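The values are calculated or read from the model by the stated rules, or taken from the named source; none is laboratory data. What you see is a predicted model; the values in this text were computed from it and never measured. Cβ coordinates were reconstructed from backbone atoms using ideal geometry, including for glycine residues, and neighbour counts include every protein chain displayed. Ligands, DNA and RNA are excluded from the accessible area calculation, which covers all protein heavy atoms including side chains. Shrake-Rupley method; radii C 1.70, N 1.55, O 1.52, S 1.80 Å.
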Amino acid sequence: MSKNKTTVNIAVIVSGIDEEYQNTILQGIHEFGAAYNINICHFIAYGGILKNHKYDIGEFNIYELANFSLFDGVILLTNTISSPSQTEKIVERVRKSGIPAVSIDNKFDGLYHIGIDNFSAMEGMVEHIVADHGAKRINYISGPADNPESILRLRAYKEVLVKHDIPIEEERIYNGLFRGEDGREAIHAFIKSELEFPEAIICANDAMALSAIIELEKVGKNVPEDVMVTGFDSIYAAQNYSPEISSVTRPLRRSGALACKLIYDHIHGVENEQSHVLPTEYIFAESCGCSNLFIDDISKFKKTNYRTLEAYNIYVPMINRMSCELEECVTFEENIAALKEFVRQIKCDKFFICMCSNWDTDNNISDNSFTVNGYTENVTPVLAYINGEFVDYPSFESSLMLPELHEGSENGNNYYFMPIHFRDHCLGYCVVCNCQFPMESALYHTWVMNISNSIENIRKILFLDKMVKKLDQLSIIDPLVQIYNRNGFNKKTKPFYKECIENKDEVMIMFIDMDDLKHINDKYGHEEGDFSLHSIADAMRNSVEESKGQIPARFGGDEFIIFAPKIDEGQAREISDKINMYLDNINKFSGKAYEIHVSIGFYITQADAAKQIDKLISIADKIMYDNKKNKKNIKNKG
């Protein structure tokens, strides 16, 4: 087939691509995609490995990003996903999208299926241990209790035991998650058991078998002399371990390529069977006491191991440096700038960090207002690296995932989408294109976790800054009338008064006292008294210009003050008149049964270091009191 511009986009839903099972399948997918110029978009979670429920929610949320309506097909590796509810949601969304879908190993109605006969494959392995090796005490390390493959393999183990009149003892069965650590934990569970130690341990996959053997050696048990161990999948590490692992081979790479082909054929009108059961073979090797069957090229083995070691020697120091440098960042801008160095180091064609629109907002601070399910309507690429350059990339709708996915290219690309989150709180996601790091090292997950944790640290710094500012505001703002309190007045006037002293400028203090507040409170209630105080504060705000250093404040109770630098008597009277006019309008139009009036006195003098503002306030207060007294005398005479 001639190579035309890419027109096919396939989504891959998978968890934990650092395991050899997933990795080998993906290699098959990539090989077919490269041959036919197909864009492969991986949506990758690492749920179920840290044993933290909230963290798993944040990881699995990346699957919500996958907009299946914009893809030509989807490949599902749902047996790698530890959450049955997540699997159910994904499959339902795929069905609704109407696009062709292939499920590898797990079988779903209406979807293409590629798998093996798990029951027969495990049945033959257990039969070999019982019939050929004569074992009677056989323990079993299982995968997840709700995983279809795991269920079939466990059933095969039990039925073989029943067939040979060997009692099924539930304490000999350990339920894991197909992860290496499950093998280690299972061995300790078996050691603690009161049952006699097993003659053989059947493992539902090689990863658990390998870690089980290593743990057995640590506690002084030799394989196969003291206990036989078998695996399943025949991964590269199992083939080249010592002792070599007895296992079941399955065509993982072929499964990936076939999955891609089924979608490609479907798009182009080529009919295929709905289900494909691929063959398996038994490898009876050293770990069960059989002969050494693997005659691998030792030079190839050495090169592979060295490359693995070299990758760790490169990535571990890089990740450590990355963690240290990001910890030093106190602003988001510093954080993004520091990340650029490490993006260059992973040698990718493209890299994006797309942040939710609410990741740093006040609403996002509260635990109950975070985005948990899905992503905000729009996301912003705060970092975009394309073909060796960092570029500005506009915000876009999250439903597009990444706009360039739909533009096509001369060659198929591999995109890896991973979540950026803190526990179950969604912050955004990152995308890397055409990069070996995600596929060749388990440390890519750690690398992305570094990004997530650093952004969360910045978010917390922003939150603390906002809280400090809010607390500062609370300390200087009167909570009732929302102008400065006495503390705020002192803080705000200090620099202006200092400047006036240096320039020998004049300053004004205006003292304002409400008339008859007690009468209004007693006759009409404290709510009306509060309304009156609010009105006076509003009148003051409306009559001054804070940009010119004119500071209004509530001095306490029904007393208010205004500080104004560089002002003469005419300007002071203008402020006083504005306050009275504002209150006259309220009295005219508010419909209240009472009127709001104030007494005002102001004092203007040249600023002098020997004259404290408190002294000026006392003088202005006395002038106001004299004015109030004169006003009462005039009223009484009238």
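Here are a few things to note about the model shown:
- Between the range 265-294 and the range 162-214, the alpha-carbon center distance in angstrom: 25
- Counting only protein heavy atoms and using a 1.4 Å probe, the accessible area of Arg321 comes to about 110 Å².
- Think of the range 323-439 as having a plus end and a minus end, set by charges on the Cβ of Lys, Arg, Asp and Glu; of Leu402, Val330, Phe370, Leu402 sits farthest toward the positive end of this dipole.
- Charging the Cβ of each Asp and Glu at -1 and of each Lys and Arg at +1, and nothing else, the dipole of the range 130-260 about its Cα centre rounds to 440 debye.
- Taking other residues whose beta carbon is less than 13 angstrom from the beta carbon of Met322, and scoring Lys, Arg as +1 and Asp, Glu as -1, yields -1.
- Each part gets one Cα centre, and for the range 60-109 versus the range 555-632 those centres are 72 Å apart.
- Solvent exposure of Lys622, expressed as accessible area, is near 130 Å², computed with a probe of 1.4 Å over the protein chains only.
- Glu310 paired with Met581, simple spin-label distance in nm, labels 7 Å along Cα-to-beta-carbon: 8.4
- Here Lys163 is the anchor, and the lysines within straight C-alpha reach of less than 22 Å, apart from those fewer than 8 places off in the same chain, are Lys136.
- Label assignment, Cα extents along the principal axes in Å derived from the structure, set [x] 106, 69, 47; [y] 85, 54, 49; [z] 123, 66, 49: [z]
- For the range 47-154, the direction-averaged projected area of the alpha-carbon convex hull comes to 8.2 nm².
- Crossing angle, helix 148-163 versus the chain [Cα axis fit, 0-90 degrees, rounded to tens]: 40
- Length gained when the stretch Lys218-Phe119 is fully extended (0.36 nm per residue, less Cα-Cα span): 32.4 nm
- Most to least accessible of Tyr385, Tyr174 (protein chains only, probe 1.4 Å): Tyr174, Tyr385
- With a simple spin-label model that places each label point 7 Å from the Cα along the Cα-to-Cβ direction, the separation between Arg321 and Lys469 comes to 3.5 nm.
- Across Cys324, Cys356, the residue with the most accessible area heads the list, and the full order at a 1.4 Å probe is Cys324, Cys356.
- In percent, rounded to a whole number, the relative contact order of the chain is 13, using alpha-carbon pairs under 8 Å and six or more apart.
- His526 accessible area, 1.4 Å probe, all protein chains in place, Å² to nearest 10: 130
- Estimated dipole of the chain in Debye, rounded to 20 [Cβ of Lys and Arg +1, of Asp and Glu -1, Cα centre]: 2160
- With a Cα cut-off of under 25 Å and a minimum spacing of 8 residues unless on different chains, the lysine pairs in the range 412-561 number 22.
- Peptides 229-241, 105-117, 530-542 ordered by average Cβ neighbours within 10 Å, highest first: 229-241, 530-542, 105-117
- Accessible surface, per residue, of the chain when the full set of protein chains is kept, probe 1.4 Å, Å²: 47
- Counting only DSSP H runs of at least 4 residues, each contributing -39500 (n - 2.57), and dividing by the residue count of the chain, the helix-based mean residue ellipticity at 222 nm comes to -14500 deg cm²/dmol.
- Between Gly143, Asn9, Ala186, the Cα set farthest toward the positive side of the dipole of the chain (charges on each charged residue's Cβ, about the Cα centre) is that of Asn9.
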